Structures are given as structure tokens and as C-alpha cells.
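The values are calculated or read from the model by the stated rules, or taken from the named source; none is laboratory data. None of these values were measured; they are calculated from a predicted model. Cβ sites come from the backbone with ideal geometry, for glycine too, and all protein chains shown count toward neighbours. Heads up: the accessible areas ignore ligands, DNA and RNA and are worked out on the full protein's heavy atoms, side chains in. Shrake-Rupley method; radii C 1.70, N 1.55, O 1.52, S 1.80 Å.
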Amino acid sequence: MTSLQRILLTTVALFAAASAANAQLAIKGETICTMAGPPIKDGVILTDGAKITQVGPAASVAIPAGVKTLSAKVVTPGLIDAHSVVGLSGYLNQDQDQDQLDKSDPMQPELRAIDSYNAQERLIEWVRDFGITTLHTGHAPGALISGQTMIVKTTGNTIDDAVIKPVAMVAATLGEGAEVHGKDAEKKSPGTRSKAVAMLRAQLIKAQEYQRKQSVADESKRPDRDLRQETMVRILKGELPLLITAQRAIDIMSALRLAKEFDIKIVLDGGAESYLLIDQIKAAKIPVIIHPTMTRSGPGETENLSMETAATLVKAGIPVALQSGFESYVPKTRVALFEAAVAASNGLTFDQALATITIDAAKILGIADRVGSLEVGKDADLALFDGDPFEYTTHCTGVIINGKIVSEKPH
Amino acid sequence: MRKLFLALSLVIATAANAQESPLAFVGAKIIPIVGDPIDNGAIVVQNGKILAVGPVDSTTIPADAKRVDAKDKVIMPGIVDTHSHIGGGWGADGSSPIQPDVRVMDSINARDPGFTRARAGGLTTLNVMPGSGHLLGGQTIYLKLRNGNTIDDIAIRDDQGNILGGMKMANGTNSQRDPPFPGTRSKSAALIREKFVKAQEYRRKIEQAKGDATKLPDRDLELEGILEVLDGKRIVHHHTHRADDILTVIRLSKEFHFRVVLHHASEAWKIADEIAKSGVPCSIILVDSPGGKLEAKDLLMQTGAVLEKAGVLTAFHTDDWITDSRLFLRSPALAVRAGMSREKALYAMTMAGAKMIDLDKRIGSLEPGKDADFIVLSGDPLSVYTKVLETWVEGAKVFDRSDPKDHLYAVGGYGAGKDQVMHLCCEEGAEGR
């Protein structure tokens, strides 16, 4: 190949790439919920194929000639499910598609979510068709430390296409969910709440020791690499939050105590009884990813949950996001949109409820620079509806991710 | 003595339900289910029954009636749930796959908070069933969610005082396991056929005895249960998901002429015409997503619409705790989202279910003479923002959202998981708890 040919080819390739990326889109909405200010009536959003380039009233945003234009009654940012296991916990619910929990060891922070994510999983498309464009997914509750979580877009053929944050948090569980049950329960740990907390503390202290030894000047005296401790050190450094699933007040208090002792960032998950500890959670400045609004109440540690928890916490000024959570049977996943809908019907305003699955979720997950609101420069992730998104009878009529239309059939 | 006691109980029950004067809800939008919705309607109830329903202008409201202003409210029949597991009741145990002698009523906790949550969801009639881990898991029970502390308080009886219920059956994977349970679908069907043939033989022997007690076969509780099915006294409520399993149920029902309702029927949409042709009704469930088990992998939100189009009598159920009774009205709403008509979707929550448990003469619609089971809603039954404000069973209010105690069960909160003691006898607020 001559150098001229090479240049020509490169140019063609570059041009092709550029034009694919620049497939502009215009989206007209009778109401555009930007989540970055009041809703825009009769608005327009322009994208350059990946990012949002303009947002405003139709009068002030000119749609260039020939640009594909979609219309909807209501346009929202692509929805964010703040905590899910979709992609790891497959819809068939057979051994071969359940990769959200390995119980060989009660604490396995080194398990990466990216190594279990099946981008072809049907439930990804299922939730996407209802407007979910971003998932915080990964290892499930059910072990003291079950593994890592990550953040993906609900698109792409591979994990590499989908992922936007390969390691988001480390998932931990306190309370009944972390305890060993069954016939061998008496011989295995943790068997009690106190033991669970003792084990977590011991692990964090071990990581502190590892961190100290790794930082000695003489490299030859540093310990061998240890994947588990490396992950825990990232928690100690504040790079990764510990996502602690805790339903009962007693377990939430343990989570707060741990956060204080080790000065680590935590995010509370579940929080069925969090409404009993408003002052404590607020003082600790800890966000809560509340259990799905429709989680079955008890018997067990969720027996006291309330559909009004989101409203109670939001009113107190605690950062709140909603989630689809983890389902072990039928249905295999919930849909965060419906969870926010029930929260909107139980004390949250429309805007507050929408925030729990858009901008507020993005802030808690640390991705608000990219998603969660419709603003210039952010990812062109949008959900289109033919009415109030929270009404069961409304359809999601279109979904756009990274400026590409991924669904146009009403759902 | 026993008769006297029964008579006394009936008197007490009637007294508890009696209204001193008729009660009239005036000005509501009334969805009677049978007949068109009435925009400015009135409903009059007395002594546990509906006296009149119609437009305010043309409905006679007795002079002594207590009038309730129901402007801006929506009133529809109490919701019928054809498939529930509230009360923690288990039917059959692990000893064998077919246990028609076992009654779920013997293991239901009538104080389970789930019943209160169901009242909060607007449910007034339930078919509480044993689980689906058996080919035949036992007798189901039809319940009215009256204020009651015992299973007898909430059981539904016929005119002779018999407690009513159906028979739970299942096929597919749930009921397959190690022997004596079946290992295949063919074995499942064979075991059922064998048992039903035995019951037919049992019946033949009873008939041959022609009333001669010395020639009667010994009583057999299991076969008696099956005979009630063969005689049409007990409707079979059949858990079934896959299209081939559904067809097997239909095949068996034709062979033995038993009345059956297909429950869940996840793949009914694949064989809607065949189901329609068989005349067998479907009680379906709508959940947030497909899967969770292999047989539910093709579950669709569109099933209600497809069955409606095919002309199949269709109801919804909660399968509580698979779905929460408080949110049961999501089911018709999601079905409408997927193409079902509003009329049929609401019919599926009421009349259709009533038919499937043989109680359509008593419940399922707002018509004079029927039980005064109705709910008062804050708006459109299919809107997420609508609340069930009040639930009435046989003319008695069993749920009132404005009462903080009831509100707790409606939305959850501290203590909502605890058993509840209903107050039967006492004035409001007089119960000692």
C-alpha cells in the first residue's frame, strides 16, 4: 500500500466515523423535563450523535433541515436505575445465568462486575424499553461483601460497549441477609449481627495494614499483591464507596458506625427502616438508595418498610435514589420507572420522584457530569413518553442512548 | 344443640352487618361493571345487600337513608382475587403429589396482616390456595374480607352453610421432583388420570350400593375430594404456564369433564384460539418482567389483550405474595397499556373472577340484590395516583384510608408486619389495643 493510499483510506475511515458520530437528532417535546430547571413547554433538544448540543423552547432552537426529528408528549432524561443486578442475574433464573452472588467466602470484594455482565441478557432490553438507559448493577446483596458493582448504559453487544464505570462501589450486606442459614449455619460465619460487624472491621483493619506495608520505602519489603486488599484499600482511600444493604434500624446504625470508625464513604441500600433514623442519616450525610417501593413487606427484615419512605427522606433533605433491587424469583427484575411512579403516588412530587431515577441517582452514583439531566454537553440519553411517564397506561415511545435511537416501538 | 349454635351464629353475623337504615353514596362516578359507567350516580345499600344503583336523578333513595356525599369519587365493585396465598396457609405436605383431602382452611392465619393489606387494595373476595408444588395440592377456600379474627368469620358459605372453595392443581416443573412425585410431564398426567379413574370407580361403587349402607365402600377422604371435582361442585384452579402444559390441562378436563380455570397461563397468548375453543377461562398474572423461572420466560404484558381478542373469559390475580394485593389495580392498568380494553380489564378484576369461583350471582358487579361489596376510589381506577379510600364488604366498612391504623397497613411502616386483631363487636376505638 502506498502512503497516498494509506492517507486516502485513513481519511475515508475518519470521515465515515465522523459522520456516524454526527448523525444529528432533534427531539421535540410538548413537555421536556430537563431536571436542570423547570420543565420546558414545547421544547426542542438537538444532539450531535453522542452529546446534547442544544436544549430550549422551540422558538429558540432551530432544527437544521434534514435532521431526523422525533416528537413526544413528554421527554425526560434517560432513566437511571440506581441499583440493580440486571446483566448478572439472568431472566431464566437457572444456575448458568446467575452470576450475582458467589457464596464460597463471606467477603470477596475482588469480584469484578465486568467479568459477569452478559450484555445480551434479555432483561437489559426489557428495562431499556421502559426508558432505563443507565444501570448501576453488579453483585447482589446476600453476602457480607459480595463483590463490586459497575455502571453501564443499557446498550451495546459487549461489556466494553456498555460500561461507563467499571468499578462503582463494593457491595456489602448487614443483617439477616448476610447471615449464614441452613443446616451448616452453626459452623459458618457470620451467624450473628455482631459477628458480621466484627468480620467487616477485621477486614478493613487488614486492609489498613496492607496499605501501610505497601507504602514502605523499601520495595522489597512490600507484601505480595493481594487483589482483595487492593479493593479494600480503594474504599479506605475514599475512591470507592461501600454500598451497604441494611434494612432494619439496628443494621443501619451498624453501617453508620463503620463509616465513622474507618472514615469511609458509604451509600445505604435498602433502608426499609431508614425513616426511623432520619437525624442520624442526615447528620452522617449519607445518601440512601431505597428499596424498591413495591418490595414485598415481610415477614423478615423488610416487614416494616413503607411506600412513603422516599417521601420522608426527601423531605428531610437526605439524598435519595430508587432502584429495581434484587429479585430471586418472579418477576426477575422490577422496573425503576414503576418504582418511582409508586413513590410519586405516595408523597413525592412528580419532580422529586423523577429526580430519584434521574439527576439525584446520577449524583449519588457520581456520574452527574454525564447523565441524569438534559443539558448541553451531557450524553444524549433520552426517554420519550406519550403521557405522564408515571401513569401505568402511558407508553414509553422512544429511547435514545448516546444519541442513537435504541427503541422506537411503544412499550 | 349444634344447630342452635349455628342458628345463633348466623343471627349474630346478620346483626353485625345490619344497617339501622339504608346507606346511600351519592354523586360518585359508578362503574357497575355490568352496564355502562354512570357519571353522576348513586348506590344504596342495606343489610349487606345492594338496594339500588343508577343515575342520581332516577334512583330512589329512601327517606331514612344516611346519605354520603361521594362527589368526585369513583365507586366500583369490590375486587375479586382468584388466586392468593395470604394467611401463610400450606396445603399438601411432601408425602405425596396428590392430596385432595387436604384443606388450606386448616392452616390459614386469619389475622395475617396480608388480609388487611388486601382490604387496603380494594380486594373483598379471595380464593386462597395451597401452593403449586403438587399435582394436586389440596382444597382452596373462598374468603370474604369481612372484619374477622377467625377463618370462620371470613369464609364464604352456600345456603346450606357449607364452606366454599375449589381444588388446586398444578403441572409443569413446580410439581416435578423425586419420587413419589413425577419426574416428567407425561408421568404427571398419568398420575392424575390414575387418581381420577379411581374416583370414578369409587363413585360407581357408591352408585351400585343404591343407598344400602352395608354395600357402600369405606369413606375415602381423598376420593371424596376428587368426586366433588368430578361432580362440578369444586372448580379446579390449575397452575400452568407453558403452552403444552395448558393444552394438557384442557385435555384432562375434557376427559374427566371437570370445570377448570387456567391460572398464570404465561404462554396462553401462543394458543389463545385453542383456549377460546375449549371454553376454559384464564386467570392471568402480570408482573414487571418475564422470567424468574423457565416456564415464565415468555410471559407478556399483552396476554390480556390477546385473550380478549380471542374471546376468552379472563381474570387477573395477585398470587400474593408474588404481587402485592395493595397494588392489584396495576394489573388491569398494565394490561390496558399493552392493548386490552378498559372495560374488559376492569371486568377481569371483578365479574370474571366471580364467575371463576361460581359466585357471580352474589358478587362481581354493582346490581340490586348482590352483596354490598364495593370500593370508593379517589379517581380513575387505572391511575397510579388513585387511592382506594374505603373498602366495604357486605355493607360494612372494612378499610378506611383516613383512619391512621388502616393507613399504616395501606402504605406500610413500623408495625405493619404484625398480625392484626379485627374488632368485631365493639364501637369504633373501643377495642383494647
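Numerical summary
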{"quantity": "Segment B:305-327 - residue that is within 14 Å of residue B:262 (Cβ to Cβ) and either within 14 Å of chain A (Cβ to nearest Cβ) or in a loop (DSSP other than H, G, I, E, B) (or both) and, of those, most open to solvent (accessible area, probe 1.4 Å)", "calculated": "B:313"}
{"quantity": "Condition broken by residue A:103, with the remaining ones in (1) open to solvent by 10 Å² or more (accessible area, probe 1.4 Å); (2) within 14 Å of chain B (Cβ to nearest Cβ) satisfied", "calculated": "(2)"}
{"quantity": "Elements of type helices (runs of 4 or more DSSP H) in segment B:328-399, at least 1 residues being within 14 Å of chain A (Cβ to nearest Cβ) and modelled with pLDDT of 95 or more", "calculated": "B:330-337, B:342-347"}
{"quantity": "Total residues in segment A:315-324, condition away from chain B (no Cβ under 11 Å) and part of a loop (DSSP other than H, G, I, E, B)", "calculated": "5"}
{"quantity": "Which listed residue, of A:129, A:81, is in contact (Cβ under 8 Å) with a residue 40 or more places away in the chain, farther than 28 Å from residue A:244 by Cβ and within 14 Å of chain B (Cβ to nearest Cβ)", "calculated": "A:129"}
{"quantity": "Checking residue B:268 against (1) out of contact with any Cys (no Cβ under 6 Å at 6 or more places or on another chain); (2) within 30 Å of residue A:386 (Cβ to Cβ); (3) touching a residue at least 40 places away in the same chain (Cβ under 8 Å); (4) more than 10 Å from chain A (Cβ to nearest Cβ), the condition it does not meet", "calculated": "(1)"}
{"quantity": "Condition met for residue A:245 (buried (at least 24 other Cβ atoms within 10 Å of the Cβ) and of a type in the set (Ser, Thr, Tyr))", "calculated": "yes"}
{"quantity": "Condition broken by residue A:327, with the remaining ones in (1) in a loop (DSSP other than H, G, I, E, B); (2) at pLDDT 95 or above; (3) charged (D, E, K, R); (4) open to solvent by 10 Å² or more (accessible area, probe 1.4 Å) satisfied", "calculated": "(2)"}
{"quantity": "Residue in segment A:66-84 that is touching a strand residue (DSSP E or B) at 6+ places or on another chain (Cβ under 8 Å), outside any strand (DSSP E or B), outside the structural domain of residue A:159 (by TED's automatic domain parsing) and surrounded by fewer than 17 Cβ atoms within 10 Å (Cβ to Cβ) present", "calculated": "yes"}
{"quantity": "Only listed residue being of a type in the set (Lys, Arg), modelled with pLDDT under 95 and closer than 30 Å to residue B:88 by Cβ, chosen from A:296, A:334", "calculated": "A:296"}
{"quantity": "Residue in segment A:331-343 that is free of Cβ contacts under 8 Å to residues at least 24 places away in the same chain, within 10 Å of another protein chain (Cβ to nearest Cβ) and under 20 Å from residue A:245 (Cβ atoms) present", "calculated": "yes"}
{"quantity": "Residue list for segment A:114-143, restricted to those being surrounded by 24 or more Cβ atoms within 10 Å (Cβ to Cβ) and out of contact with any Asp or Glu (no Cβ under 9 Å at 6 or more places or on another chain)", "calculated": "A:123, A:124, A:128, A:131, A:138, A:140"}
{"quantity": "Selected residue [closer than 30 Å to residue B:394 by Cβ and in the same structural domain as residue B:83 (by TED's automatic domain parsing)] from B:206, B:192, B:156", "calculated": "B:156"}
{"quantity": "Unique residue being in a loop (DSSP other than H, G, I, E, B) and more than 9 Å from every other protein chain (Cβ to nearest Cβ) when the list is B:298, B:288", "calculated": "B:298"}
{"quantity": "Hey, residue B:295 closer than 25 Å to residue B:341 by Cβ and surrounded by fewer than 24 Cβ atoms within 10 Å (Cβ to Cβ) or not", "calculated": "no"}
{"quantity": "From A:293, A:312, A:302, residue being at the interface with chain B (Cβ under 10 Å from one of its Cβ atoms), in a loop (DSSP other than H, G, I, E, B) and out of contact with any Lys or Arg (no Cβ under 8 Å at 6 or more places or on another chain)", "calculated": "A:293"}
{"quantity": "Hits in segment B:81-112 (condition: of a type in the set (D, E, K, R) and open to solvent by 60 Å² or more (accessible area, probe 1.4 Å))", "calculated": "B:93, B:103, B:106, B:111"}
{"quantity": "Hits in segment B:28-80 (condition: surrounded by fewer than 19 Cβ atoms within 10 Å (Cβ to Cβ) and in contact with a Lys or Arg (Cβ under 6 Å, 6 or more places away or on another chain))", "calculated": "B:39"}
{"quantity": "Answer residue from segment A:16-35, given it is modelled with pLDDT of 85 or more and outside any strand (DSSP E or B) and is most open to solvent (accessible area, probe 1.4 Å) among those", "calculated": "A:24"}
{"quantity": "Within segment B:125-233, helices (runs of 4 or more DSSP H) holding 3 or more residues that are open to solvent by 70 Å² or more (accessible area, probe 1.4 Å) and of a type outside the set (Gly, Ala, Ser)", "calculated": "B:185-209"}
{"quantity": "Residue in segment A:249-262 that is in a loop (DSSP other than H, G, I, E, B) and at negative phi present", "calculated": "no"}
